[in-house]
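Notes follow once the structure below has been shown.
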Amino acid sequence: MVRPLILTRAQARQLDALALEMGIPGLILMENAGAGAARVILGLLERGAAREPVGLLCGGGNNGGDAYVAARHLHGAGVEVRLWEWSSAAQLPPDAAHNARCLEHTGVVRRPLRRGPEEGGEKASEQALVAGFQECGLLVDGLLGTGFSGEMRPAMAAVLGAAGESGVPILALDLPSGLDAESAQASAATPRASWTVTFAALKPALTGLSPLTGVVSCVPLGLPPEVFQALNRHQGPL
């Protein structure tokens with residue numbers, strides 16, 4: 001078995017670009033990421049390590065897109081899912097927007113994390129979020145991905161604080177929201193995950209023994225070895 005690679009933030013972005021050059025668009029990578037995460041979640045449910053309903057927190061970027069894909073696969077498998085959404089589909093990047101719209105004609109319960117159409121819309125009541133989250137048996141953190149660094153917005157910190165306060169087990173997509181992928185520095189609001197499902201390769205922040213990440217698993221994205229070979233040529237051995 002080959003040990004999982006470790007990709008920096010820049011290498012992960014370059015990997016996506018090289019995949020696109022080889023005819024593999026981001027929409028396929030997102031589908032594979034979300035489907036892989038759903039398989040991990042189904043395994044937890046089957047083993048009794050987590051229970052339904054599964055609440056998915058969908059951010060305003062591609063990490064949120066991964067969560068939308070996971071929600072669709074879980075819903076298709078008969079799992080009760082509930083969504084909390086940071087942005088409307090119109091505000092999302094194209095691939096994430098596509099996957100958000102795929103759920104529009106389903107019976108999946110969808111709730112906003114913020115009020116109002118503007119990005120700076122008033123945040124939902126933190127206590128209301130805690131109460132809603134506590135209706136779930138598992139929360140999936142798809143709010144912030146590897147692109148996060150620096151200061152977290154207060155509204156996002158409030159959402160993550162509510163997730164942590166709820167006491168519901170958390171599974172993070174790619175890495176826990178607010179954890180810097182490279183430095184492993186965490187925001188004060190970063191909740192402790194019981195599980196982290198990362199994609200394609202480990203990230204530097206996931207190679208230590210951080211109490212924030214829980215059990216880490218790596219889901220492949222269906223990339224051919226030539227993509228990784230091209231990354232080696234561009235940036236040196238991984």
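Every number in this text was worked out from the coordinates using simple rules, so none of it is lab data. For clarity, every value in this text was computed on a predicted model and none was experimentally measured. A quick note on method: Cβ atoms are made from the backbone with ideal geometry, for glycine too, and the neighbour counts reach across all protein chains shown.
Observations on the model:
- Whether the stretch 22-72 is rounded, prolate or oblate, judged on the alpha carbon gyration tensor where a/c under 1.5 counts as rounded: oblate
- For Thr196, the residues 5 or more places off, or on other chains, whose built amide H falls under 5 Å of its own are Ala172, Val215, Val216, Ser217.
- Charge dipole (debye, nearest 20) of the chain; +1 at Cβ of Lys and Arg, -1 at Cβ of Asp and Glu: 260
- Once the chain from Glu52 to Gln91 is taken as fully extended at 0.36 nm per residue, the excess over their C-alpha distance is 11.1 nm.
- Theoretical gain in end-to-end length, Glu165 to Thr8 [0.36 nm per residue, Cα-Cα removed]: 53.4 nm
- The stretch between Glu226 and Glu151, if pulled fully straight at 0.36 nm per residue, gains 23.3 nm over its current Cα-Cα span.
- With q set to 0.09 Å⁻¹, the log10 of I(q)/I(0) for the stretch 29-235, from the Debye formula over equal scatterers at the Cα positions, is -0.31.
- Short-range pairs are left out: with C-alpha atoms under 8 Å and at least six residues apart, the relative contact order of the chain is 22 percent.
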